[in-house]
Every structure is written in C-alpha cells, then in structure tokens.
Amino acid sequence: MAKPKVATTSLCGCFGCHMSILDIDERILKLVELIDFDKSPINDIKKFTGRCAVGLIEGGCANEENVRVLQDFRKHCDILVSLGDCAINGGIPAMRNNIPLKECLAEAYINGPTVHNPSGKIPNDSEIPLLLNRVYPCHEVVKIDYHLPGCPPPADTIWEALVALLSNKPLELPYELIKYD
Ligand code: SF4
C-alpha cells in the first residue's frame, strides 16, 4: 500500500524548524516507514510529485515567492501545519512590520553602518522576489489547519503531531509540548 506523503518547506524562516524535524533522531527511521517525503529541502525534491497528506510550513510570507509556494502547498496538501513561531506570527522577520518597506530597503542597501554601495542603487532585478509591504503569518494568506508553536517547536512535538495526523487521531498535545516559553 502506498505510504502517505509529507511535504515541507521553508518560507521566511531560518531552517531551525527543519533542524528540529531532524532532531527526532532515530525515530526518523520509523518515520520513513510511515511516510514518503515529497517536495522538501530534506530530500531536495523541488516539485510536488502527487497529493500529500500533510504539509509542514516553516516561516511566514515576506515576499511574493513565499506566497506562491504557500498557495501551492495549500493546493497539494490535505492538512497544512504552521510549524514554529515564524509561520504562526511572522517571528523575527516580522520586526520590520512597523517600519515602511522603503525605509527597510534604504537601511539594508544604502544607510546601514556596514553597507558599501557606491552606486546607491537598491537591487531591483526581476529575478529577485518582490518583498511584501510586511511579513504575513501563514494563516493570513491561506487556510492553516494546525499551529505548532515554538522557536523551533521541539522534536517531540513534531513527532507526536505527525504520528497523530497520519493516524487520523485528534491532535491533543500535552501542555508541556506546546507552551511558548
Ligand atoms: S520559528 Fe525559530 S527556528 Fe523556526 S524558522 Fe523561525 S526563527 Fe527559525
């Protein structure tokens, strides 16, 4: 029987949540008995190969590419999980949300104390994804079915959640696994 597929992605995140997935240690052997990884940085599959049971999303949406990828995940996954604080509330990247985008770009490319940019130009190549006016949590862009808090969420939380979702069991994680502090 075909195993359910799980896809993962990192939008505006630091890959720490993916490190936490790998932190399930030897249980990863059990995991690959239960599932096949589809599109994911873990196996470097770049495009969906079929319908996925679960999509794990790290990071929020900071640019138009993040939005496109997130919408693609919503289209291909039965259950979508915001994995970690950046996906849930924007995290550290969302600290720019109180500053106009123009000022952020000027600080990054012109005025910053370590910037050397004699041309004074801000990169504007069509190959570079356009930054959004602010960083959006995933649930403000597409419907998200579950949120797993933490920076990153502990490996035990990810393990318990994945096993429950793949066994069609209710996701009832104990407080110790989902507290924010
Ligand atoms: S929640 Fe923390 S570990 Fe996960 S992507 Fe954001 S900063 Fe990195």
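The values are calculated or read from the model by the stated rules, or taken from the named source; none is laboratory data. Quantities reported herein were computed from a predicted structural model and do not represent experimental measurements. Neighbour counts run over all protein chains shown; Cβ positions are idealised from the backbone, glycine included. These accessible areas exclude ligands, DNA and RNA; they are computed on the full protein's heavy atoms, side chains included. Shrake-Rupley method; radii C 1.70, N 1.55, O 1.52, S 1.80 Å.
Straight-distance candidates among the lysines for linking to residue 39, with alpha-carbon spacing under 26 Å and chain neighbours fewer than 8 residues away dropped: 3, 5, 30, 47, 75, 143, 169. The residues packed around residue 31, meaning those with a beta-carbon under 11 Å from its beta-carbon, carry a net charge of -1 if Lys and Arg are +1 and Asp and Glu are -1. Aspartates and glutamates near residue 102 by alpha-carbon distance under 17 Å, same-chain residues fewer than 8 away left out - which ones? By straight Cα distance, residue 102 reaches 64, 125. Potential lengthening of the chain between residue 65 and residue 130 amounts to 22.6 nm, from the contour at 0.36 nm per residue minus the alpha-carbon distance.
Hey, what did the chain get for relative contact order, percent, Cα under 8 Å, at least 6 apart?
The normalised contact order for the chain reaches 26 percent.
Whenever you get a sec, compute what percent of the accessible area on the chain sits on carbon and sulfur atoms (1.4 Å probe). Here carbon and sulfur together make up 56 percent of the probe-accessible area. Solvent-accessible area of residue 30, all protein chains in place: 100 Å² (probe radius 1.4 Å, heavy atoms, ligands and nucleic acids excluded). Computed with a 1.4 Å probe over protein heavy atoms only, the accessible area of residue 68 comes to about 130 Å². The accessible area of residue 49, taken with all protein chains in place and a 1.4 Å probe, comes to roughly 90 Å². Were the residues from residue 3 through residue 106 laid out at 0.36 nm apart, the gain over their Cα-Cα distance would be 32.2 nm. Each part reduced to its alpha carbon centroid, segment 16-76 and segment 107-177 end up 13 Å apart.
Over segment 71-164, accessible surface divided per residue gives 59 Å², non-protein components excluded, 1.4 Å probe. Summed over qualifying helices (DSSP H, 4 residues or more, each -39500 (n - 2.57)) and divided by its residue number, the chain shows a 222 nm mean residue ellipticity of -8000 deg cm²/dmol.
So if each residue of separation counts as 0.36 nm, and I subtract the Cα-Cα distance between residue 175 and residue 78, what length gain in nm does that give?
Stretched fully, the residue 175-residue 78 segment lengthens by 32.4 nm.
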